[in-house]
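Chemist: Please see the structure below; I have some questions.
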Amino acid sequence: MKIERSTSRYDADRDWADQAIRRIRAENNRSADTHLYAVPLPEQWGVHLYLKDESTHRSGSLKHRLARSLFLFGLVNGWIREDTTIVEASSGSTAVSEAYFAQLLGLPFIAVMARTTSPEKIALIEQFGGSCLLVEHASDVYTVAQEVAGTCNGHYMDQFTYAERATDWRGNNNIAESIFGQLELEEHPVPDWIVVGAGTGGTSATIGRYLRYHSYPTRLLVVDPENSAFYPGWRGTGTAAGEPSRIEGIGRPRMEPSFVPSVIDRMLQVPDAASVAAMRHLHSLAGLHAGPSTGTNLWGVWQLVAEMVAAGRRGSIVSLMCDGGERYAGSYYNGGWLAAQGLDPAPYEDVIRQFLDTGVWSGEPG
């Protein structure tokens, strides 16, 4: 039996999608991998620390990888077409990266995000041709984004649902595969720990699954800002009703669908002021200018380094530099802004300096 159908619209959609996928793959092919920096630690400790600098992506953050995956996922599923408006709920960096890819494909882009998002990130979204819809409460971004997509022939990207499934965790140049490739010639090519934060949960899910799939002994530590729902969810002591995070890019007021607790070996909850302290201290230690979620990572890193030193264990730890500090010149690097938020990083910076001087972790300030 011969099946007949109208092919004009179908063929046009497929042709456009084929070209869109080619453009995204070509953009990736033009891009070099991100740097893996060695951060200096006392040689006698026997612990090597590496930071993978995701700020060197064209859109400036770790979320460049996620945005690329989400666009490809939407295209191969037939959700994104030539006349589609892209809509996302985002605290900033994902929206910046999605705006970049939307511009690459000639598609309009709308970011729905909390009014507290830094002006620098809003400016970057607009620089890439996107527009911003600001809401008063972070918990409203999901429903507003869905409503906006429904009224403008749009596709709601929904990073919080699709982040863990849009990226191939087995390999295919994901961030975990990149880390292990760059460590091949190091003294300790298989790290003891990889340390990341959770915003959608997609990065931790990808890395955790990759480690298990390849039978690496490396363990995964996920760090979480204070009052976020991820940490109590992982512990099994609650699944809801956290608070909007003061650390942009990570921490959520609810357990997101892309967060996979079962692939995580350990979690730590990090005081917000400690995240800021570690972020600021990194610049003096290694000359790297990072954002606050990188500071959250580092607060967890320092505790793991201290444990390895105390146990006399030699090895390596890898974490991520998620985005650049220039995005936060008016906020986390601004003393007046920090004071208005009730954040005092100075005592926590003292804890870090004392640790690096002595090799002993004292924990909380004072």
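The values are calculated or read from the model by the stated rules, or taken from the named source; none is laboratory data. Worth saying up front: this structure is predicted, and the values here are computed from it rather than measured. We place every Cβ from the backbone using ideal geometry, glycine too, and count neighbours over all the protein chains shown. Just the protein is used for accessible areas: all its heavy atoms, side chains included, with ligands, DNA and RNA removed. Shrake-Rupley method; radii C 1.70, N 1.55, O 1.52, S 1.80 Å.
Chemist: So in region 110-139, with the set limited to residues that are open to solvent by 10 Å² or more (accessible area, probe 1.4 Å) and in a strand (DSSP E or B), which one is farthest from Glu243 (Cα to Cα)?
Modeler: Applying the filter and picking the extreme gives Ser131.
Chemist: Among the numbered criteria (1) assigned to a helix (DSSP H, G or I); (2) of a type in the set (S, T, N, Q); (3) surrounded by 23 or more Cβ atoms within 10 Å (Cβ to Cβ), which one does Ser319 miss?
Modeler: Going through (1) assigned to a helix (DSSP H, G or I); (2) of a type in the set (S, T, N, Q); (3) surrounded by 23 or more Cβ atoms within 10 Å (Cβ to Cβ) one by one, Ser319 breaks only (1).
Chemist: Considering every residue within region 292-310, establish whether at least one is among the aromatic types (Phe, Trp, Tyr) and under 18 Å from the mean Cα position of the chain (by Cα).
Modeler: Within region 292-310, one or more residues are among the aromatic types (Phe, Trp, Tyr) and under 18 Å from the mean Cα position of the chain (by Cα).
Chemist: Now for a separate question. Please go through region 89-104 and give me each residue that is free of Cβ contacts under 8 Å to residues at least 60 places away in the same chain and at positive phi, ordered by number.
Modeler: none
Chemist: Only one of Ile21, Ile3 is outside the structural domain of Ile125 (by the TED database), more than 15 Å from His155 (Cβ to Cβ), hydrophobic (A, V, I, L, M, F, W, C) and at pLDDT below 95. Can you tell me which?
Modeler: Exactly one residue qualifies, and that residue is Ile3.
Chemist: If you don't mind, there's one more thing I want to ask. Inspect all residues belonging to region 231-245 and state whether any of them is buried (at least 24 other Cβ atoms within 10 Å of the Cβ), within 19 Å of Lys63 (Cα to Cα) and at pLDDT below 90.
Modeler: yes
Chemist: I want to confirm something. Restricting to region 246-270 and keeping residues that are of a type in the set (D, E, K, R) and more than 16 Å from the chain's Cα centre (by Cα), which single residue is most open to solvent (accessible area, probe 1.4 Å)?
Modeler: Arg254
Chemist: Hey, any hits in region 27-35 for a residue that's more than 23 Å from Leu298 (Cα to Cα), open to solvent by 10 Å² or more (accessible area, probe 1.4 Å) and of a type in the set (Gly, Ala, Ser)?
Modeler: Yes, region 27-35 contains at least one residue that is more than 23 Å from Leu298 (Cα to Cα), open to solvent by 10 Å² or more (accessible area, probe 1.4 Å) and of a type in the set (Gly, Ala, Ser).
Chemist: In the list Ser204, Ser228, which residue meets the criterion of being buried (at least 18 other Cβ atoms within 10 Å of the Cβ), touching a residue at least 40 places away in the same chain (Cβ under 8 Å) and part of a loop (DSSP other than H, G, I, E, B)?
Modeler: Result of the check over Ser204, Ser228: Ser228.
Chemist: Name the single residue that is surrounded by the fewest Cβ atoms within 10 Å (Cβ to Cβ) among those in region 140-173 being at pLDDT 90 or above and outside any helix (DSSP H, G or I).
Modeler: Across region 140-173, the extreme among qualifying residues is Cys152.
Chemist: What pairs come up if the first residue lies in region 114-137 and is touching a residue at least 40 places away in the same chain (Cβ under 8 Å), the second is open to solvent by 70 Å² or more (accessible area, probe 1.4 Å) and among the aliphatic types (A, V, I, L, M), and their beta carbons are under 8 Å apart, counting only those six or more places apart or on different chains?
Modeler: Partner pairs satisfying both residue conditions: none exist.
Chemist: Here's another thing I want to ask about it. For Lys52, only one of the following conditions fails: (1) at pLDDT 95 or above; (2) within 25 Å of Phe160 (Cα to Cα); (3) open to solvent by 50 Å² or more (accessible area, probe 1.4 Å); (4) of a type in the set (Lys, Arg). What is its number?
Modeler: The one condition Lys52 does not meet is (3).
Chemist: Somewhere in region 344-366, is a residue closer than 30 Å to Leu66 by Cα, assigned to a helix (DSSP H, G or I) and open to solvent by 10 Å² or more (accessible area, probe 1.4 Å)?
Modeler: Looking for residues that are closer than 30 Å to Leu66 by Cα, assigned to a helix (DSSP H, G or I) and open to solvent by 10 Å² or more (accessible area, probe 1.4 Å), one finds none in region 344-366, hence no.
Chemist: Any residue that is aliphatic (A, V, I, L, M), at pLDDT below 95 and open to solvent by less than 70 Å² (accessible area, probe 1.4 Å) - is there at least one of those in region 68-79?
Modeler: So far as region 68-79 goes, no, none of its residues is aliphatic (A, V, I, L, M), at pLDDT below 95 and open to solvent by less than 70 Å² (accessible area, probe 1.4 Å).
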